[in-house]
1. Do you know which of the residues in the stretch 81-95 that are touching a residue at least 60 places away in the same chain (Cβ under 8 Å) and over 8 Å from the mean Cα position of the chain (by Cα) is surrounded by the most Cβ atoms within 10 Å (Cβ to Cβ)?
2. Hey, can you tell me all the residues within the stretch 164-173 that are more than 16 Å from Ala133 (Cβ to Cβ) and crowded, with 23+ Cβ neighbours inside 10 Å?
3. Answer yes or no: is there a residue in the stretch 111-120 that is open to solvent by 10 Å² or more (accessible area, probe 1.4 Å) and under 22 Å from Glu89 (Cβ atoms).
4. Kindly evaluate Gly184 against the criterion of being under 21 Å from Arg271 (Cα atoms) and open to solvent by less than 60 Å² (accessible area, probe 1.4 Å).
5. Considering Ala217, Ala158, which residue is among the small types (Gly, Ala, Ser) and farther than 21 Å from Glu323 by Cβ?
6. Identify, by number, the condition in (1) under 24 Å from Ala72 (Cβ atoms); (2) more than 24 Å from the chain's Cα centre (by Cα) that His171 doesn't meet.
7. Here is a list of conditions, (1) surrounded by fewer than 22 Cβ atoms within 10 Å (Cβ to Cβ); (2) farther than 24 Å from His265 by Cβ; (3) among the hydroxyl-bearing types (Ser, Thr, Tyr), and Ser197 meets all of them except one; can you say which number that is?
Amino acid sequence: MARRGKVTITDIAKHVGMTNMTVSRALNKPHLVKPETRDKILAAARELGYVPNAFASQLRSRENRLIGLVTASVDNPFYSEVIKAISREAKRRHYTIMLIDTDGSPALEEVAIETLLSYQVAGIILSPVSDGAEYRPAYLDRLRQAKLPVVMLDRTLAIPDFSRVVLANRHAGRLLGELLAKRGIQHVLALTGPRDSRISLERLAGFEDAYREAGVALTLEQRAGDYTLQPAYREMAAYLRKGALPEAVFGFNQLITLGAMRALHDARISRDHVTVVGVDRLPYADIFDVSVPCAAHDTYRAGREAVHLLFEQIEDPQAEVREVVVSASLLL
């Protein structure tokens, strides 16, 4: 019967009447122990409910096959394919992922980095809570001192230190701008991420580029949020309560687009009266025959490129810092 509390090697040694060294050898290097002794120790370990300390084992082997993955919002559909790609490649190379969701909190992000450093991970893939030009988290110095391989993904810090995988955000905005300009739509409500977000600024710029080059007049109103559903819903609902109705709504990611669509639905406004477009496809929308034009990125590729860059640096600490850009295609 398993004992309560944490069972140690010392507990097993007392139970079988052997030394700690013999028990440790049986658990960690079983080929060095006589079969009858090994079987007795392993049976006792199972009976007592012993769970080995994987972290300690990694330290003993001097090779930590653990990769940290830090995201600002794991419930964002963007990250599902990203995480899948990273996980599959890590497994192929016999590494394990430690995933930490910071929930958009700089304080939790700080704790996440310190936690991963304490586990002596082999490298970190980081999607920070902010890509604003002024965001300079305190953990940067710790990462630099540790000389740890780091790859930034999607949201990036405005520093030259680490390799990165980014989306072609200006191009995505341009694709949707060209689509709406061709339809003669002039009044657009843009539901964006934070106003200082590089991603938001680039998508807005590309959208305006398209209108300017098409020679179509544009009235563009921006309502900022944080790339999650609820703020987008609140902003869209507040806009509609004023009695205003744009010709089109531009959602800056899937969650924002879904928030806008929910607000339109609750206000009983048909999408026949308001065109909705967004960045990246809505998950499972086709099941319900919902069609939303989008500038879609290959998110699986983004994850795959990030993990490839990370292993490139793990295998060669002198590898140059690189940037990989994942483009978008228009889906109608």
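The values are calculated or read from the model by the stated rules, or taken from the named source; none is laboratory data. Quantities reported herein were computed from a predicted structural model and do not represent experimental measurements. Virtual Cβ from ideal backbone geometry, glycine too; neighbours counted across all protein chains shown. Quick note on the areas: whole protein, heavy atoms, side chains included, nothing else; ligands and nucleic acids left out. Shrake-Rupley method; radii C 1.70, N 1.55, O 1.52, S 1.80 Å.
1. First, pick out the residues of the stretch 81-95 that are touching a residue at least 60 places away in the same chain (Cβ under 8 Å): 81-86, 89-90, 93.
Imposing the further condition that a residue be over 8 Å from the mean Cα position of the chain (by Cα) reduces the set to 81, 84-86, 89-90, 93.
Values: Glu81: 19, Lys84: 14, Ala85: 21, Ile86: 27, Glu89: 19, Ala90: 21, Arg93: 12.
Once the filter is applied, the top-ranked residue is Ile86.
2. Val165, Leu167, Ala172, Gly173
3. Yes, the stretch 111-120 contains at least one residue that is open to solvent by 10 Å² or more (accessible area, probe 1.4 Å) and under 22 Å from Glu89 (Cβ atoms).
4. It is true that Gly184 is under 21 Å from Arg271 (Cα atoms) and open to solvent by less than 60 Å² (accessible area, probe 1.4 Å).
5. From the options Ala217, Ala158, the qualifying one is Ala217.
6. Failed condition: (2).
7. Single failed check for Ser197: (1).
Quick grid of which residues meet (1) in contact with a Leu (Cβ under 8 Å, 6 or more places away or on another chain); (2) within 16 Å of Leu331 (Cβ to Cβ); (3) part of a helix (DSSP H, G or I); (4) among the aliphatic types (A, V, I, L, M):
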residue: Ser200; (1), (2), (3), (4): no, no, yes, no
residue: Phe207; (1), (2), (3), (4): yes, no, yes, no
residue: Glu213; (1), (2), (3), (4): no, no, yes, no
residue: Val216; (1), (2), (3), (4): no, no, no, yes
residue: Tyr227; (1), (2), (3), (4): yes, no, no, no
residue: Arg234; (1), (2), (3), (4): no, no, yes, no
residue: His265; (1), (2), (3), (4): no, no, yes, no
residue: His273; (1), (2), (3), (4): yes, no, no, no
